[in-house]
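Comments concern the structure below.
The values are calculated or read from the model by the stated rules, or taken from the named source; none is laboratory data. Because the structure is predicted, anything quoted here is derived from the model rather than measured. Cβ sites come from the backbone with ideal geometry, for glycine too, and all protein chains shown count toward neighbours.
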Amino acid sequence: PIDMSKRFRLTLSLSLQAKMSRPVQARRLEGIDKNIWVELVKLAATYSKVNLGQGFPDFPAPDFLTEALTKALSGGNHMLHQYTRAFGHPPLVKVLAQFFEKLLGRDLDPMTNVMVTVGAYQALFCCFQALVDEGDEVIIIEPFFDCYEPMVKMAGGTPVFVPLRPTPPKDGKLMSSADWQLDPAELASKFSERTKAIVLNSPNNPLGKVFSHGELGLIAELCVKHDVLCISDEVYEWLVYDGKQHIRIASLQGMWDRTVIVGSAGKTFSVTGWKVGWVVGPDRLLQHLRTVHQNSVYHCATIAQEAMAQGFQRELTLYGKPESYFVQLPKELQQKRDWLIQSLIAVGMKPIVPEGTYFLVADISPFKSDVPDVPNSDEPYDYRFIKWMVKNKGLAAIPLSAFYSEAHKKNYTNFIRFCFAKEDATLKAANEILQKWKQEKTSS
Ligand code: PMP
């Protein structure tokens, strides 16, 4: 006689096995599941006394914004707790349109030329999902904000990398982020009929490079010649130093119709936790971003958008005036930048003076003999240096090679990135660590 219960158990276990052997994850996640931030954030949280790694301010948000948020919360308009327009709360898209009309010198329709997103992150995600197809190539300038690569891949596209190449100044001066340049012939060689878009990030994270008019002109010329779109990540647009100007590539000839400008309230108003971002561009591109937005997040927090609209209204009234936050913040950050540069020089690092952003990259090649080699490890020097520095000195930063493609990482392992959007007390604590380190070096 057949043992039915045994047979049933066998069938059940076979069907369970069959189910468990099937991959659960979608193919689009292949090769993008590793993320260095997880490890580095954990490392910093465990060992660091001072964290100059991740890019966010530890100083308070401006009072006028927190007041606007409080007013939005308790000002009696209970509808601010409900959904608003999916593509952006009307007061915010209206004031953003007015602001960008001023910056770009063209008329904008708040309903079709502006969309509010969940931070610049979602703005970028919408760009890649809406504009990049299977097989399309997307040019990414290295070093790059690390999410561009997985986002292009998730859309089915192929990233094509082109590095900014450093030329050390001959006169023994400190290097500047302006000394990192594209090779025009190399850049041109990356454009082909397969190229759908180029990602431009000026001011650039991590280097702090602010692309010059000439450099933007070169990129624009190639975009027009090859009918290529430009995803222009300008989240650090107000953080520009030493009297430099941030130039918007969309204002160059032939570029408005092919450019999406990406912005972030987090960076603009020092409120990274609010996660309010935006895109500005022609309707022919934005209509497709709206489709992605509509079918993914659909909507961003109404109350944060309401408060942000008040913040932009204030900045519009104070445009260019000394009281403007967009004037004050870079002034303060420039002092912090210069302070950190001096502290890093004292310990023997060679900072690259950033023209913009709140990041600073420093050359750590003089420390090779301090950091123990790990036999049989292919871990790059900058990663090993960061781990050593966090554990032994209590100071956290980010390895620069994390901002390069796999193929080019090995050429850029002598640098680390610091964030200087920090309270003076935090920078003072960092300075104390560096001074102590310097004394240890001189006495050993
Ligand atoms: N682009 C760049 C270049 C960034 O540095 C960041 C944040 N680190 C973002 C986009 C994302 O901005 P948000 O926090 O508004 O999503």
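Can you find, within the range 182-208, the residue that is farthest from Lys267 (Cα to Cα) among those that are part of a loop (DSSP other than H, G, I, E, B) and within 12 Å of the ligand (Cβ to nearest atom)?
Only one residue tops the list, namely Leu207.
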Exercise for the section: Take Tyr148 and decide whether it is under 28 Å from His299 (Cα atoms), within 14 Å of the ligand (Cβ to nearest atom), crowded, with 19+ Cβ neighbours inside 10 Å and of a type in the set (Ser, Thr, Tyr). Expected result: yes
Handout entry: For Asp382: the one exception among (1) assigned to a helix (DSSP H, G or I); (2) charged (D, E, K, R); (3) in contact (Cβ under 8 Å) with a residue 60 or more places away in the chain; (4) surrounded by 18 or more Cβ atoms within 10 Å (Cβ to Cβ)
Key = (3)
Exercise for the section: Go through (1) surrounded by fewer than 17 Cβ atoms within 10 Å (Cβ to Cβ); (2) touching a residue at least 60 places away in the same chain (Cβ under 8 Å); (3) under 26 Å from Cys126 (Cβ atoms) and name the single condition Lys153 misses. Expected result: (1)
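Considering the range 243-270 alone, what residues qualify as being closer than 23 Å to Pro91 by Cβ and either out of contact with any Ser or Thr (no Cβ under 9 Å at 6 or more places or on another chain) or not β-branched (Val, Ile, Thr) (or both)?
Within the range 243-270, Gly263, Ser264, Ala265, Gly266, Lys267, Thr268, Phe269, Ser270 meet the criteria.
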Problem - Test for Phe87: is it more than 16 Å from the ligand (Cβ to nearest atom) and surrounded by 20 or more Cβ atoms within 10 Å (Cβ to Cβ) - result: yes
Exercise for the section: Specify the residue that is nearest to Val235 (Cα to Cα); the eligible residues are those in the range 338-373 that are of a type outside the set (Gly, Ala, Ser) and within 16 Å of the ligand (Cβ to nearest atom). Expected result: Thr357
Practice task
Name the one entry in Glu306, Glu237 that is acidic (Asp, Glu) and more than 16 Å from the ligand (Cβ to nearest atom).
Solution key: Glu306
Exercise for the section: Would you point out which residue out of Val297, Val262 is out of contact with any Leu (no Cβ under 8 Å at 6 or more places or on another chain), within 16 Å of the ligand (Cβ to nearest atom) and either modelled with pLDDT of 95 or more or assigned to a loop (DSSP other than H, G, I, E, B) (or both)? Expected result: Val297
Exercise for the section: Please verify whether the range 316-328 includes one or more residues that are within 12 Å of the ligand (Cβ to nearest atom) and either outside any helix (DSSP H, G or I) or buried (at least 18 other Cβ atoms within 10 Å of the Cβ) (or both). Expected result: no
Fill in the blank from the handout: The condition of being away from the ligand (no atom under 14 Å from the Cβ) and at positive phi holds, among Gly105, Gly119, only for Gly105
Handout entry: Whichever residue in the range 272-294 is part of a helix (DSSP H, G or I) and within 12 Å of the ligand (Cβ to nearest atom) and, among such residues, is nearest to Val95 (Cα to Cα)
Key = Trp274
Exercise for the section: Have a look at Ala97, Ala68, Ala26, Ala72 and point out the one that is at pLDDT below 95 and either loosely packed, with under 12 Cβ neighbours inside 10 Å or under 27 Å from His299 (Cα atoms) (or both). Expected result: Ala26
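Condition (residue is within 30 Å of Phe161 (Cβ to Cβ), aliphatic (A, V, I, L, M) and at pLDDT below 95) applied to the range 427-436: is it met by at least one residue?
Within the range 427-436 (the criterion being within 30 Å of Phe161 (Cβ to Cβ), aliphatic (A, V, I, L, M) and at pLDDT below 95), the answer is no, since none of the residues qualifies.
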Problem - Residue match in the range 119-132 (condition: in contact with a helix residue (DSSP H, G or I) (Cβ under 7 Å, 6 or more places away or on another chain), within 23 Å of Ile398 (Cα to Cα), of a type outside the set (Val, Ile, Thr) and surrounded by 18 or more Cβ atoms within 10 Å (Cβ to Cβ)) - result: yes
Exercise for the section: Note down all Cβ pairs under 6 Å where the first residue falls in the range 263-290 and is among the polar types (S, T, N, Q), the second is near the ligand (Cβ under 9 Å from one of its atoms) and in a loop (DSSP other than H, G, I, E, B), and they're at least six residues apart or on different chains. Expected result: Ser264/Val235; Thr272/Phe56
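Take Leu400 and decide whether it is within 27 Å of Lys153 (Cα to Cα) and touching a strand residue (DSSP E or B) at 6+ places or on another chain (Cβ under 8 Å).
For Leu400, the condition - within 27 Å of Lys153 (Cα to Cα) and touching a strand residue (DSSP E or B) at 6+ places or on another chain (Cβ under 8 Å) - is met.
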Problem - Test set (1) over 30 Å from Lys391 (Cα atoms); (2) surrounded by 11 or more Cβ atoms within 10 Å (Cβ to Cβ); (3) in contact (Cβ under 8 Å) with a residue 24 or more places away in the chain - Lys49 fails condition number - result: (1)
